[in-house]
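Working notes, structure below.
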Amino acid sequence: MTLPLQIDYALALSEGIGPRAKVGAGHLSEEQPRFLAGLQRVLEKVRSGELGFWSLPQDEPLVDQLEAFRNTLPTEIRDVLVLGIGGSSLGARAVIHALTDPAENERPAENERPAQNGGAQGKALRIHFPDNSDPWLLSALLSELSPSSTVAIAISKSGGTVETAASLLVVRQWLQRELAASASKHLVAITDPERGPLRALANEEGWSSFEVPANVGGRFSVLSAVGLLPAQLAGIDIRALLQGARDMASVCERETLVQNPAGILAALHALHHRADRPIHVLMPYADALRPFAAWYVQLWAESLGKRLNTRGEVVEVGPTPVPAVGATDQHAQGQLFMEGPRDKLITFVSVKHPPRDLAIPESTGDYAYLGGKTLGALLDAERRGTAEALARDGRPSLTVEIDRLDGYNLGALLFVYEAATAIAGELYEVNAFDQPGVEEGKRLASGLMGRPGYEDAAAEITRAEASRPANCRFCG
Ligand code: PA5
């Protein structure tokens, strides 16, 4: 089988770029036992049902349910508001941005909008992600959209996330004002199967709802209803997405490190981190993958940045993931990558056959050399040039290549990164599936917003703020 994804890591090893790489093929071989033990622990959790994301691509019945749901939506629906944050939003956004025509979301709602990339029949809906509690985007959307042609999907595994709850209440009131009782036909919940306030509200008001499986965490949920429902409504072929992920799931179970793409990604990053490269840049040379880089940042940071290791010792460990996009960031962060501290491992993502290309017209004078080439060829030349320039200076990089931007290849890419994160958790010796730091911030913010049961948190924060030195403030 030709794999939908290739990884070229010659430029990440001293064999490819010389001793300054500080990591060689021998290190990868030495990592094999640690990798295998880690992989086995991950797969054991998969088999015992503790870890759910690995099995999500098998869930074909969910696709049938989502398709059936699509057919129950009022025919006038044109717009979808996705109300979620973090793992409850970034995956869907990455998929939709990668696989839909960039002009589609801008097209007036009344125009015909065909399904994309072989997606479900019926019109593709416009999907909006007001995922911040900053009112700027949500208020603009609510003044532009019409309640009768909008459906809101509230996505929250816990159901208690304050940002999502607040946006939901605003949108629910906006729908109810115009639609009264039928507003409930325009509200959908994706949340825990049984617990939490979002589940309770959806049940009470009779909304349609889907599950975030109890054993799937937010940032690993893109291939559950969390990512699939918005993608399906955008007209994306979600069966292909799952097929790509399924094909890679078996490849990511391979026990030989250098034959396992997730293992290679995890091990190279862990080895380079141990060689004083804690900054991990993901730089797709494709605008369509910009939100994929944001998704990766959350996945890598929230999974691997931990105070305690698996033995409960304080380690305060974790890489710092940095998103970039080529060629744009060559003119922003490029200087730093080329000449700044040698603390980075850069991963380029390349799309072999870009979905669109533009021929550069013939011209005379200084620009003549560009005539007859394409913008796609230029982008690829920029990537190869950057990798080569880094390599010449002993700065490591690797390239993940997918054949094209379609559901199948993207599903493969998403799954490999999720599996790599799970394996990296083992190599960093941390629990990749909790987020105690995020929970603490959520607790304090809930207290400040007056949530019952969080009174202590509110008092803690007011006390701490009052105790700060008053003379460290510039007041004009
Ligand atoms: O990956 C995670 O677990 C987090 O980023 C959550 O997705 C995020 O905090 C939102 O949580 P919830 O889905 O419970 O609203």
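Taking 0.36 nm per residue of separation and subtracting the Cα-Cα distance, full extension of the segment from GLU30 to ALA10 would add 5.5 nm.
For the listed peptides 355-363, 126-134, a ranking on the average number of other beta carbons within 10 Å per residue, highest first, reads 126-134, 355-363. Modelled this way, with points 7 Å down the Cα-to-C-beta line, the labels at GLU205 and LYS373 are 5.5 nm from one another.
Along its first, second and third principal axes, ordered by size, region 54-236 spans 40, 37, 29 Å in Cα coordinates. The charge dipole of the chain, taken about the Cα centre with unit charges on the Cβ atoms of Lys, Arg (+1) and Asp, Glu (-1), comes to about 540 debye, rounded to the nearest 20.
Hey, could you grab the Kirkwood Rh for the chain? Inverse mean 1/r over distinct alpha carbon pairs, Å, one decimal.
23.9 Å
Estimated from helices alone, the mean residue ellipticity of the chain at 222 nm is -14000 deg cm²/dmol (sum of -39500 (n - 2.57) over DSSP H runs with n ≥ 4, per residue). Each residue of region 322-330 was assigned a 3J(HN,Hα) from its phi angle through the Karplus curve 6.51 cos²θ - 1.76 cosθ + 1.60 (θ = phi - 60°); the sequence is 10, x, 8, 9, x, 8, 3, 6, 4 Hz, with glycine and proline shown as x. When the charge dipole of the chain is built from unit charges on Cβ atoms (+1 for Lys and Arg, -1 for Asp and Glu) and taken about the Cα centre, the candidate among GLY476, ASN203, TRP54 whose Cα reaches farthest toward its positive end is GLY476. Take every DSSP beta bridge whose two residues both sit in region 309-428, then give the antiparallel share in percent to the nearest 5. The answer is about 10 percent antiparallel. Pairs of Cα atoms under 8 Å, at least six residues apart: use those to get the relative contact order of the chain, whole percent. About 21 percent, as a whole number. Across region 133-274, the mean sequence separation of Cα contacts (distance under 8 Å, 6 or more residues apart), normalised by length, yields a relative contact order of 16 percent.
Note on the chain: with neighbouring protein chains present and a 1.4 Å probe, carbon and sulfur make up 53 percent of its accessible heavy-atom surface. Dividing the mean sequence gap of close Cα pairs (under 8 Å, 6+ apart) by how many residues region 319-476 holds gives a relative contact order of 19 percent.
Before I look further, what does region 54-236 give for accessible area per residue, probe 1.4 Å, in whole square angstrom? Don't jump to the answer; show the numbers that get you there.
Details: 7400 Å² over 183 residues.
Spelled out: the 1.4 Å probe surface of region 54-236, per residue, equals 40 Å².
Take 35-44, 461-470, 286-295 and order them by the average number of nearby Cβ atoms within 10 Å per residue, most first; the result is 286-295, 35-44, 461-470.
Could you sort 379-390, 75-86 so that the peptide with the highest average Cβ count within 10 Å comes first and the rest follow in order?
Values: 379-390: 17.0, 75-86: 21.0.
Ranking the peptides 379-390, 75-86 by packing returns 75-86, 379-390.
The values are calculated or read from the model by the stated rules, or taken from the named source; none is laboratory data. Quantities reported herein were computed from a predicted structural model and do not represent experimental measurements. A quick note on method: Cβ atoms are made from the backbone with ideal geometry, for glycine too, and the neighbour counts reach across all protein chains shown. Ligands, DNA and RNA are stripped out before the accessible areas are found, and what is left, the full protein with its side chains, is counted by its heavy atoms. Shrake-Rupley method; radii C 1.70, N 1.55, O 1.52, S 1.80 Å.
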